[in-house]
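Participant: Quick one: the structure is below, and I'll ask about it shortly.
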Amino acid sequence: MLKANQNYLKLPGSYLFSTIAKKVASYKEANPDRTVISLGIGDVTQPLSPAIIKSLHDAVDEMGAKETFKGYAPDLGYDFLRKAIAENDYKKRGCDIAEDEIFVSDGAKSDSGNIQEIFDENCKIAVCDPVYPVYVDSNVMAGRTGTYDADSERWSDVIYMPCTAENNFVPDFPEKTPDIIYICSPNNPTGTAMSKADLQKWVDYAREHGSVIIYDAAYEAYISEDDVPHSIYECSGARTCAIEIHSFSKNAGFTGTRLGYTVVPKDLKDAEGTALHGLWARRHGTKFNGAPYIQQKAGAAVYTPEGQAEIKALVSYYMENAKTIKDGLKDAGYTVYGGVNAPYIWLATPDNMKSWDFFDRLLQDANVVGTPGSGFGPSGEGYFRLTAFGTHENTIEAMRRIKEL
Ligand code: MLT
């Protein structure tokens, strides 16, 4: 008997950003005269930089010539890119990560959704609350989260670690021991970041409890403070307990180009001594034919001196928006967090308004789109996220409209 995967049917509603896109599309259809500004999904607005464009053009030309044409890419990534990543993102930071521990992919979203496949279905997951929805939803699809309680908006088998102003947005150790711990720092959605000392405590905890940390470092390029680590492998012992996921979307503007990578150190083993590196390699081999050569060449251009200077300028551009949003909201009397080491600003809604009510108000009265905090988890209720990835002009205009509310 043909039967759909019942785990999918447990998912309440559509994916957060699809729900928002639908709401915005219907508002625009009903109000064609209004100019809506999107500070919702964290999608970049600035074009790819010259070094990357040149590399893309060159790679396209190579694909068009008999001598340099490429077919399937190696499923774990081209050596030239893995080498550039190992050198620039790890060795230069004093982290002991080898080229063959780096798995190139088509993006951090796929990797953060797929990585759970290499763990047993009975493993217990712990997530920060609020959280990037992919971590929870992908575990729901895998049947690892138990039943959903619509009142509390929680899954029975998920360990939630509230991250609020009270704990400075750094999760406390949970009462129950998780097998898999998801940490994203700098954090999406709160825009806050963990210090190296705080992250080291989590690494120590994971080692002591035999857990693995899945560390999402997609926003590391936005770190401005010295005590915030760019990689979990800056913490001692992380090679035996952590997987790290990276994106080229947020630092270099590849949201439409697609490229990312995941590090699985060879020292990382489960309780029976099985190395997870081999499992992830096996998965790549079976389910992935490698990120396209053209994209990987563009990724390598990010690590050239020109590429580095250009992405630094991109990051500064967006961080100027973060400052505009933060200062603007503060002037308007809002309580705000984040926006120092991350391109997200997390604000408390006015008058304890529900997150989705504030979303509607902002859309209707200011024609500005943001993301309701409760969409990221129950502890996000009463909060709201704005992204710094807009253009300067739209960000300034959005702040003007919000101040007038
Ligand atoms: C977000 O807005 O949270 C991100 O852009 C989503 C993503 O990176 O997939």
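Participant: Based on a Kirkwood Rh over C-alpha pairs, give the Stokes-Einstein translational diffusion coefficient of the range 240-388 at 20 °C and viscosity 1.002 mPa s in µm²/s.
Facilitator: 115
Participant: What percentages make up the Cα-Cα pair-distance distribution of the range 1-153 when the bins are 10 Å wide from 0?
Facilitator: Taking every Cα pair in the range 1-153, the percentages come to 8, 21, 27, 26, 16, 2, 0.
Participant: Just report the Cα centroid separation between the range 174-236 and the range 308-343, whole Å.
Facilitator: 22
Participant: Quick one: what are the phi-derived ³J(HN,Hα) couplings along the range 380-390, Karplus 6.51/-1.76/1.60 with θ = phi - 60°, whole Hz, x for glycine and proline?
Facilitator: x, 4, x, 10, 8, 10, 10, 9, 8, 7, x
Participant: Then there is this: Can you show me the helix-derived [θ] at 222 nm for the chain, built from DSSP H runs with n ≥ 4 at -39,500 (n - 2.57) apiece and divided by the number of residues, rounded to the nearest 500.
Facilitator: Result for the chain: -10500 deg cm²/dmol, rounded to the nearest 500.
Participant: Which residues make up the longest stretch of the chain that has no trypsin sites (Lys or Arg not before Pro) in a DSSP loop with at most 16 other Cβ atoms within 10 Å?
Facilitator: Looking at the chain, 71-175 is the longest stretch - no exposed trypsin sites (Lys or Arg not before Pro) with at most 16 other Cβ atoms within 10 Å.
Participant: What longest range of the chain stays clear of loop-exposed GluC sites (Glu not before Pro) (DSSP non-H/G/I/E/B, at most 15 other C-beta within 10 angstrom)?
Facilitator: Counting at most 15 other Cβ atoms within 10 Å as exposed, the longest clean stretch of the chain is 273-403.
Participant: How much accessible surface does HIS246 have with a 1.4 Å probe, in Å² rounded to 10?
Facilitator: Accessible area, nearest 10 Å²: 10 Å².
Participant: Just the number please: accessible area per residue for the range 53-304, 1.4 Å probe, all protein chains included, in Å².
Facilitator: Roughly 41 Å² per residue, with all protein chains present.
Participant: In whole Hz, what ³J(HN,Hα) sequence does the range 52-57 give by Karplus (6.51, -1.76, 1.60; θ = phi - 60°), x for Gly and Pro?
Facilitator: Those phi angles translate into 6, 4, 4, 5, 4, 4 Hz.
Participant: I need the phi-derived Karplus couplings for the range 60-66: 6.51 cos²θ - 1.76 cosθ + 1.60, θ = phi - 60°, integer Hz, Gly and Pro marked x.
Facilitator: Listing the rounded values in order: 5, 4, 4, 5, x, 10, 3 Hz.
Participant: How large is Rg/Rh for the range 1-67, to two decimals, with Cα atoms and a Kirkwood Rh?
Facilitator: 1.23
Participant: Continuing with this model, one more query. Counting DSSP beta bridges in the range 191-270, what percent are antiparallel, to the nearest 5?
Facilitator: Of the beta bridges lying entirely in the range 191-270, close to 50 percent run antiparallel.
Participant: Same structure, new question: So for the pair ALA313, SER195, with labels modelled 7 Å out along Cα→Cβ, what separation do we get in nm?
Facilitator: 3.6
Participant: By a straight-distance test (C-alpha under 21 Å), which lysines pair with LYS91 as possible cross-link partners, with residues fewer than eight away in the same chain excluded?
Facilitator: Cα-Cα hits under 21 Å: LYS83, LYS196, LYS266, LYS297, LYS312.
Participant: Determine the share of the range 53-304's accessible area contributed by carbon and sulfur atoms, expressed in whole percent, with a 1.4 angstrom probe.
Facilitator: Carbon-and-sulfur percentage of accessible area, whole number: 47.
Participant: Shifting gears a bit: Mind checking which lysines have their C-alpha under 24 Å from LYS354, skipping anything on the same chain fewer than 8 residues away?
Facilitator: LYS22, LYS23, LYS28, LYS326, LYS330, LYS403
Participant: Would you please state the base-10 log of I(q)/I(0) at q = 0.11, 0.13 1/Å for the chain, with intensities from the Debye formula using one equal scatterer on every alpha carbon?
Facilitator: The Debye formula, applied to the Cα set alone, gives -0.83, -1.16.
The values are calculated or read from the model by the stated rules, or taken from the named source; none is laboratory data. Computed from a predicted model, the values in this text were never measured in an experiment. All Cβ positions, glycine included, derive from the backbone under ideal geometry; neighbour counts span all protein chains shown. The area values use the complete protein model at the heavy-atom level, side chains included, leaving out ligands, DNA and RNA. Shrake-Rupley method; radii C 1.70, N 1.55, O 1.52, S 1.80 Å.
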